[in-house]
Amino acid sequence: MTTSRHPQHKENNSDELHAVRTLLTKIGIAPEELLEPPGKQKVPTFADYIPHVSGAVSPATRRAYEPYWNRVLAAWGKRSLDDPSPSEIKNLAEGMKEQVVLRRNARGGRSAVEHLIAALRCLYAHAVADGFIAEMHNPARRVPKPRRLPSTRRALPDSRLAELHRVAASTGNDPSLDTLLLRLHTETACRRGGALALRPVDLDVEQCLIQLREKGGTVRWQPVSPTLMSHLHTHGMQRGSGSDPQEQLLRYANGSPITRRRYDHLWSRLGRYLPWITTQQVSTHWLRHTTLTWVERHFGYAVAREFAGHATGHGDVGATATYIRASLNEVAAAVAALTGEDHPLAPDR
């Protein structure tokens, strides 16, 4: 009905559009250029932009994403950020499944796919913030991550923990360091990064507290037993870190700071003596599972969450979680029960 009423109006529009196209052709402007916002920056290539983002993120983020950014560089280095489509990102991620190293605990490359997508989301988040692309044109946001499967990690029984400590104390080139690492992680449920970040200044000897700085920039004071505090303090004084309270606490016998490689060597050696470690791919994070499971069973969910250093609201269901935070004294009481030693901050039991 509308077209039949205004045929002349449509003919005029066609003539006007033709005239506009002719004018744009004469002055050298493509119609698509009119859709670009004024002053928009030229979109960089992956080869130009990835080093910029790599320098802007934290060392932990760089360490996690750098292998995947390198894969992107190899595939799309000369392409601009706004060139790949969501389907191309998905194809690149799926292609990584065929290149993953097969291990005993492999899960079909799901982790590699998830990390590649996360690495690209980080990259494009910076591109959006820098104004190179609009959020609505962010292709990485439109590619879903694979659903995570339940973790195969679980709490170790007391007999297995005793085996770990026995072998660590009787083998290797530095048993005192290895047993200290195992006790630190078993008693505090700290992450590997938190242990490596410890400094002498983080030890509150009087109150038996250590300050843990872990992923996400979280900082918390964690109660420890008097025995563990004594070992940590003595370790720092004997191995040189005590001379500078801001330096790394955990060190080799020659005074050099330990790295993540010490953990790799430790679990590799333990696996040679205890085959179940290699078979099940047991790692330091299993100690965290073990301790937090014990704390939750004996002291409840709120104390276990505080013990773990989890922020309120992350993964919690309902507003009630806001009101059930445990105190430092309650965590100290859990440490006292776990270790069988009195703690200065624990209420009388």
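A few remarks follow.
- D_trans [Stokes-Einstein, Kirkwood Rh over alpha-carbon pairs] for segment 158-339, 4 °C, 1.567 mPa s, µm² s⁻¹: 76 µm²/s
- Full extension of the chain between Arg79 and Ala337 yields a length gain of 87.0 nm, computed as 0.36 nm times the residue separation minus the alpha carbon distance.
- Cα→Cβ-extended label distance, 7 Å offset, between Gln281 and His265, nm: 2.4 nm
- Distance between modelled label sites at Ala253 and Ala64, nm, 7 Å Cα→Cβ extension: 3.6 nm
- Counted residue by residue at 0.36 nm each, then reduced by the alpha carbon distance between them, the extension gain from Thr234 to His18 reaches 69.2 nm.
- From the Kirkwood radius over Cα pairs of segment 46-142, Stokes-Einstein at 37 °C and 0.692 mPa s returns a whole-number translational diffusion coefficient of 238 µm²/s.
FYI, it's all coordinate maths here, none of it is from the lab. Keep in mind the model is a prediction, meaning the values are calculated, not measured. Reconstructed Cβ throughout: ideal geometry from the backbone, glycine too, with neighbour counts over all protein chains shown.
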